[in-house]
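> Please read through the structure below; I'll follow up with questions.
The values are calculated or read from the model by the stated rules, or taken from the named source; none is laboratory data. Predicted model, so just to flag it, every value in this text is computed and none were measured. So basically every Cβ, Gly included, is an ideal-geometry build from the backbone, and we count neighbours across all protein chains shown.
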Amino acid sequence: MKISEFISEKEIIIGLKATEKQSVLDELLQLLEKNGFLQSRKEVLDTLIEREKLGSTGIGQGIAVPHAKTDQVKNLVCALGTSEKGINFDSLDGEPVYIVFLVLAPSGATGIHLKALAKIARLLKDKVFRNYLRMSKTPQEAYQIIKDDEDRLNNIG
């Protein structure tokens, strides 16, 4: 499984406008809605907010990986947003978030949901990768960084 198979340049926002968790989630969901991936943006937003109440998906080191299973998507779908200013995401380390990787999976898709989260975590654990992603100027550049890093990791093993 490759994350680049579940995200394209059209699902990437460089320079998120929002600076608070709920607004950022909505900004990314608007993009997915515009691209025809969601049936009800409000319902998915409510689901994500409920998930955040269980514990922040701001995992530290400037990263958040909000995720949910919902009947509002037909297939696994991802969206990526980067922020120059930083986002108040109630992160575990108390620091602002600069990279938000949103993952939505169909309600019954536990396996693929967990595999996607593991792949994203593996990519984001690399500080050099995170820095390149934060420095990307266009969605095309960010997508290529993801693709290149996945190819590199697959070649390693």
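> Looking at the stretch 45-69, which of its residues are crowded, with 17+ Cβ neighbours inside 10 Å and either among the small types (Gly, Ala, Ser) or on the phi > 0 side of the Ramachandran plot (or both)?
Scanning the stretch 45-69 gives 56, 58, 62, 64, 68.
> Within the stretch 108-117, identify whether any single residue is within 20 Å of residue 9 (Cβ to Cβ) and buried (at least 16 other Cβ atoms within 10 Å of the Cβ), and answer yes or no.
yes
> Checking the structure you have, find out if any residue of the stretch 84-94 is of a type in the set (Lys, Arg) and either surrounded by 15 or more Cβ atoms within 10 Å (Cβ to Cβ) or without any contact (Cβ under 8 Å) to a residue 60 or more places away in the chain (or both).
Within the stretch 84-94, not a single residue is of a type in the set (Lys, Arg) and either surrounded by 15 or more Cβ atoms within 10 Å (Cβ to Cβ) or without any contact (Cβ under 8 Å) to a residue 60 or more places away in the chain (or both).
> Moving on to the next point. Among (1) of a type in the set (A, V, I, L, M); (2) at pLDDT below 95; (3) more than 23 Å from residue 137 (Cα to Cα), which single condition is residue 120 missing?
So the condition that residue 120 fails would be (3).
> Quick one: would you say residue 43 is assigned to a helix (DSSP H, G or I), farther than 18 Å from residue 90 by Cβ and among the charged types (D, E, K, R)?
yes
> Can you pull out every residue in the stretch 72-106 that is of a type outside the set (A, V, I, L, M, F, W, C), more than 19 Å from residue 138 (Cβ to Cβ) and in contact with a helix residue (DSSP H, G or I) (Cβ under 7 Å, 6 or more places away or on another chain)?
72, 88, 90, listed by residue number.
> Please work out if residue 7 is within 14 Å of the chain's Cα centre (by Cα) and either in a loop (DSSP other than H, G, I, E, B) or at positive phi (or both).
yes
Residues checked against (1) under 21 Å from residue 133 (Cα atoms); (2) at pLDDT below 90; (3) touching a strand residue (DSSP E or B) at 6+ places or on another chain (Cβ under 8 Å):
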| position | (1), (2), (3) |
| --- | --- |
| 16 | yes, no, yes |
| 20 | yes, no, yes |
| 42 | no, no, no |
| 72 | no, no, yes |
| 95 | yes, no, yes |
| 99 | yes, no, yes |
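> What's the total number of residues in the stretch 5-26 that are within 14 Å of residue 103 (Cα to Cα) and either touching a Pro at 6+ places or on another chain (Cβ under 9 Å) or buried (at least 17 other Cβ atoms within 10 Å of the Cβ) (or both)?
The qualifying residues number 8.
> Only one of (1) surrounded by 20 or more Cβ atoms within 10 Å (Cβ to Cβ); (2) within 12 Å of the chain's Cα centre (by Cα) fails for residue 72. Which number is that?
So the condition that residue 72 fails would be (2).
> Restricting attention to the stretch 105-157, report how many residues are in contact with a strand residue (DSSP E or B) (Cβ under 9 Å, 6 or more places away or on another chain) and among the acidic types (Asp, Glu).
Number of matching residues: 1.
> Taking the options 103, 24, name whichever one is within 23 Å of residue 145 (Cβ to Cβ), in a strand (DSSP E or B) and either β-branched (Val, Ile, Thr) or over 13 Å from the mean Cα position of the chain (by Cα) (or both).
Answer to the selection: 103.
> State yes or no: is residue 79 under 12 Å from the mean Cα position of the chain (by Cα) and either surrounded by fewer than 17 Cβ atoms within 10 Å (Cβ to Cβ) or assigned to a loop (DSSP other than H, G, I, E, B) (or both)?
No: the conditions fail for residue 79.
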